[in-house]
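> Pasting in a structure now, in structure tokens, and then I'll have a few things to ask.
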Amino acid sequence: MTHKPSIKPTLVLLHGFLGQSIDWQQHIELLSKRFNCIALDLAFHGKNAQQSCDGIPGYARHIRRQLQQQAIGDFHLLGYSLGGRVAIELCLQNLSSNEFEIQSLIIESSHFGLSSNNERSQRWQADQQWAERFVRQDLKQTLQQWYQQSVFESLPPALRERIIKQRQTQDPEILAQAILSASIAKQNDYSQALARLDFPVMLINGELDTKYQQFYQAHVKSFNHCHWNPIPLAGHNTHLEQPQTFCNAVINFIG
């Protein structure tokens with residue numbers, strides 16, 4: 001999606017693991033009256049499936065290049081799950097480069113990083129197992145297992161099947177590379193660094209996602225100018241489960 005000059009504020013949207021920029025199509029329709037929406041594909045995903053990178057810093061540098069190519073200089077930034085982790089890293093990289101004017105950050109269901117070596121070891125083993133499943137199993141079977149994880153238990157069955165159908169056209173080898181490259185086990189713990197951000201931040205999670213409900217409640221004070229917005233009747237994938245409520249929260253936050 002290309003950037004066109006607009007008097008409306010620009011909102012850059014980053015999808016999660018297994019997703020792509022078109023995942024935001026419904027939300028862009030709801031948000032476009034207020035914002036100039038730019039949805040970008042992460043490395044290993046969508047139109048950038050053949051673009052590889054190493055770790056979350058590499059994902060962020062890939063997004064930086066896309067922003068540079070489209071001459072997007074000032075914007076609000078929204079990221080879901082993996083996209084939220086990439087968004088945080090992009091904001092932290094920008095603290096030293098001052099390349100962009102990031103006006104606010106919205107993080108949906110994204111982890112800030114693991115604090116102990118034991119947690120990192122366990123997560124790395126789990127991600128290696130998922131990578132093996134993507135390569136060795138039928139992709140539809142692996143996707144069904146993926147969306148049976150507890151964080152996705154609130155997904156309505158019809159929505160779950162629609163997501164799986166959309167995802168099963170991807171290359172399993174590339175997805176295996178992506179999950180290892182993006183592993184939280186290899187990511188810095190951003191919990192302390194987040195206090196360095198000097199613009200408004202909003203944390204969004206679904207109230208039914210108890211993991212992130214508790215996580216954000218514990219970390220909301222890590223940011224300056226932080227707003228926490230749990231969304232009722234939604235789980236981990238809040239923007240798909242409650243799109244109108246999610247978009248209303250974004251509009252109200254940015255103003």
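The values are calculated or read from the model by the stated rules, or taken from the named source; none is laboratory data. The structure displayed is predicted, hence computed values, not measured ones. Cβ sites come from the backbone with ideal geometry, for glycine too, and all protein chains shown count toward neighbours. We work out accessible area using only protein heavy atoms, side chains counted, and drop any ligands, DNA or RNA first. Shrake-Rupley method; radii C 1.70, N 1.55, O 1.52, S 1.80 Å.
> Please count how many residues of segment 98-113 are of a type in the set (Val, Ile, Thr) and open to solvent by 10 Å² or more (accessible area, probe 1.4 Å).
1
> Would you mention how many residues in segment 214-228 are closer than 16 Å to Gly84 by Cα and either surrounded by fewer than 19 Cβ atoms within 10 Å (Cβ to Cβ) or within 16 Å of the chain's Cα centre (by Cα) (or both)?
Result for segment 214-228: 7.
> Just name the residue that is most open to solvent (accessible area, probe 1.4 Å) out of those in segment 10-37 that are out of contact with any Lys or Arg (no Cβ under 8 Å at 6 or more places or on another chain), in a loop (DSSP other than H, G, I, E, B) and farther than 17 Å from Leu175 by Cβ.
Residue satisfying both the conditions and the ranking: Lys33.
> Which pairs have Cβ atoms under 6 Å, sit 6 or more apart or on different chains, and link a residue in segment 213-227 that is closer than 21 Å to Gln103 by Cβ to one that is polar (S, T, N, Q)?
Between residues of segment 213-227 that are closer than 21 Å to Gln103 by Cβ and residues that are polar (S, T, N, Q), the close pairs are Ser222/Ser191.
> Further question: Out of curiosity, is Leu40 open to solvent by less than 10 Å² (accessible area, probe 1.4 Å) and more than 16 Å from Ile174 (Cα to Cα)?
Yes: the conditions hold for Leu40.
> Then there is this: Condition check: surrounded by 19 or more Cβ atoms within 10 Å (Cβ to Cβ), assigned to a loop (DSSP other than H, G, I, E, B) and hydrophobic (A, V, I, L, M, F, W, C). Does Ala176 satisfy that?
no
> Quick check on my filter: what residues within segment 133-173 are outside any helix (DSSP H, G or I) and out of contact with any strand residue (DSSP E or B) (no Cβ under 8 Å at 6 or more places or on another chain)?
Within segment 133-173, Gln137, Asp138, Tyr147, Gln148, Gln149, Glu153, Leu155, Pro156, Gln168, Thr169, Gln170, Asp171 meet the criteria.
> Something else about it: Can you pull out the residues in segment 228-255 that are touching a strand residue (DSSP E or B) at 6+ places or on another chain (Cβ under 6 Å) and free of Cβ contacts under 8 Å to residues at least 40 places away in the same chain?
Correct list: Trp228, Asn229, Pro230, Ile231, Gln242, Thr245.
> Please find, among Gly84, Gly58, the residue that is modelled with pLDDT of 95 or more, surrounded by 20 or more Cβ atoms within 10 Å (Cβ to Cβ) and on the phi < 0 side of the Ramachandran plot.
None of the other options fit; the residue is Gly84.
> Within segment 99-119, count every residue that is more than 21 Å from Leu78 (Cβ to Cβ) and not in a helix (DSSP H, G or I).
3
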